[in-house]
Structure formats: structure tokens, C-alpha cells
1. Can you pull out every residue in the stretch 8-18 that is in a strand (DSSP E or B) and surrounded by 16 or more Cβ atoms within 10 Å (Cβ to Cβ)?
2. With (1) within 21 Å of Phe6 (Cβ to Cβ); (2) aliphatic (A, V, I, L, M); (3) open to solvent by less than 30 Å² (accessible area, probe 1.4 Å) as the list, and Met32 as the residue in question, which single condition is left unmet?
3. Only residues that are more than 14 Å from the ligand (Cβ to nearest atom) and closer than 26 Å to Val9 by Cβ: list them for the stretch 82-132, please.
4. Go through the stretch 1-36 residue by residue and tally those that are within 17 Å of Pro47 (Cα to Cα) and either basic (Lys, Arg) or out of contact with any strand residue (DSSP E or B) (no Cβ under 9 Å at 6 or more places or on another chain) (or both).
5. Let me spell it out: the conditions are (1) under 27 Å from Gly18 (Cα atoms); (2) open to solvent by less than 60 Å² (accessible area, probe 1.4 Å); (3) modelled with pLDDT of 95 or more, and Ser57 meets all of them except one. Which number is the exception?
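The values are calculated or read from the model by the stated rules, or taken from the named source; none is laboratory data. Nothing here was measured: the structure is a model prediction, and the numbers come from that model. Here the Cβ positions follow ideal geometry from the backbone for every residue, glycine too, while neighbour counts run over all protein chains shown. Quick note on the areas: whole protein, heavy atoms, side chains included, nothing else; ligands and nucleic acids left out. Shrake-Rupley method; radii C 1.70, N 1.55, O 1.52, S 1.80 Å.
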Amino acid sequence: METFRFEIVTAEESVYSGDVQEVIVVGTEGQMTILPKHAPLMTMLVPGEIYIKDKDSEMYLAETGGFLEVRSDRVILLADACERVEDIDEDRAEAAKKRAEETLKGSPAHADALIAEAALRRSMTRLKVVEKRRYKKKAAG
Ligand code: ATP
């Protein structure tokens, strides 16, 4: 099957680079499936799951917001942060969620509330991706 080059980069590292058959991301208007020869575009991503299918395997990652560029020769995803589902530290995400919730409970200043809300979204995205994959694994036996 035909493939295209897909890269995920953050400010810190290259998270993924490879030839893939299909990618699914979450754009501002919902899920987007990218297949070979997709029309060029640029779009913002909201925090959510990334699905990658290459020749031999499927992969799931969590991203906390970013930008997707579909070019004729490759597709590049610039992410704020991005982790493979198996690398997500659940305890850390739970702790981040709790911290954000505690901040929001204490009638914070507007700027602090915005920061806590963003942290809450990041932690909930990570937990949701882990949970969804765990459930799917179980369902598949
Ligand atoms: P925390 O408060 O736990 O640092 P955060 O949402 O503020 O969470 P980010 O700023 O989104 O963290 O990410 C900082 C770095 O830490 C990134 O490299 C990101 O991939 C990684 N990271 C954050 N949370 C987790 C997690 N639960 N599991 C694995 N890596 C994580």
C-alpha cells in the first residue's frame, strides 16, 4: 500500500519519523484522517490522540495541542508535547490533574485559572488516551 512521510516534532525532540499509510489527528473541527496524496493544508490541533498506521504496526500517542502541515512531499506535526501511549506516566498525569483541580477550586486569579485549565486539559488528554487504549486492548482480548 502507498505511504507518505510523517514527522512529529516538539521544541525538544523528534518524536516520530517514518513512512506511514494513515494518520488520524484531532483538529479544531474534529477528527481528521490523512491518507497518501492528501491535499496540502495547515491546521491547528486540539489536545487529543494521534493514530499512526505504518506497514507493520499501529501506534497511539497523546498530543497536547499543536499544528499540522500537510505538504506534497510530507506531513509535519508540530506538537507542544507528545508521548506514545506506552510512555505516558499515569501517576504523573493524575497528580497534574489534581494540582490543576485544587488551583481551580481556590478561586484563582484569571491568569492562574487559565494556566490551571490548560494543565487540566493536558492531564485529562493523557489519561483519556491511556484509558481508551487499555479498554480497546481488553476488548480485543
Ligand atoms: P507536569 O505538570 O506533570 O509536568 P505538564 O502538562 O505541565 O505536566 P507538559 O508541559 O505538557 O507537562 O510537558 C513537559 C514534558 O513532560 C514533555 O516532554 C511531555 O512529553 C512530558 N510529560 C508531561 N506529562 C507527562 C506524563 N504524564 N507522562 C509522560 N510524559 C509527560
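1. Ile8, Val9, Val15, Tyr16
2. (3)
3. Lys132 - this is the single residue of the stretch 82-132 that is more than 14 Å from the ligand (Cβ to nearest atom) and closer than 26 Å to Val9 by Cβ.
4. Number of matching residues: 1.
5. The failed condition is (3).
Residue by residue, here is whether (1) modelled with pLDDT of 95 or more; (2) surrounded by 15 or more Cβ atoms within 10 Å (Cβ to Cβ); (3) of a type outside the set (A, V, I, L, M, F, W, C); (4) touching a strand residue (DSSP E or B) at 6+ places or on another chain (Cβ under 7 Å) holds:
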residue: Arg71; (1), (2), (3), (4): yes, no, yes, no
residue: Ile76; (1), (2), (3), (4): yes, yes, no, yes
residue: Val85; (1), (2), (3), (4): yes, yes, no, yes
residue: Arg92; (1), (2), (3), (4): yes, no, yes, no
residue: Glu102; (1), (2), (3), (4): yes, no, yes, no
residue: Arg121; (1), (2), (3), (4): yes, yes, yes, no
residue: Val130; (1), (2), (3), (4): yes, yes, no, no
residue: Arg134; (1), (2), (3), (4): no, no, yes, no
residue: Ala139; (1), (2), (3), (4): no, no, no, no
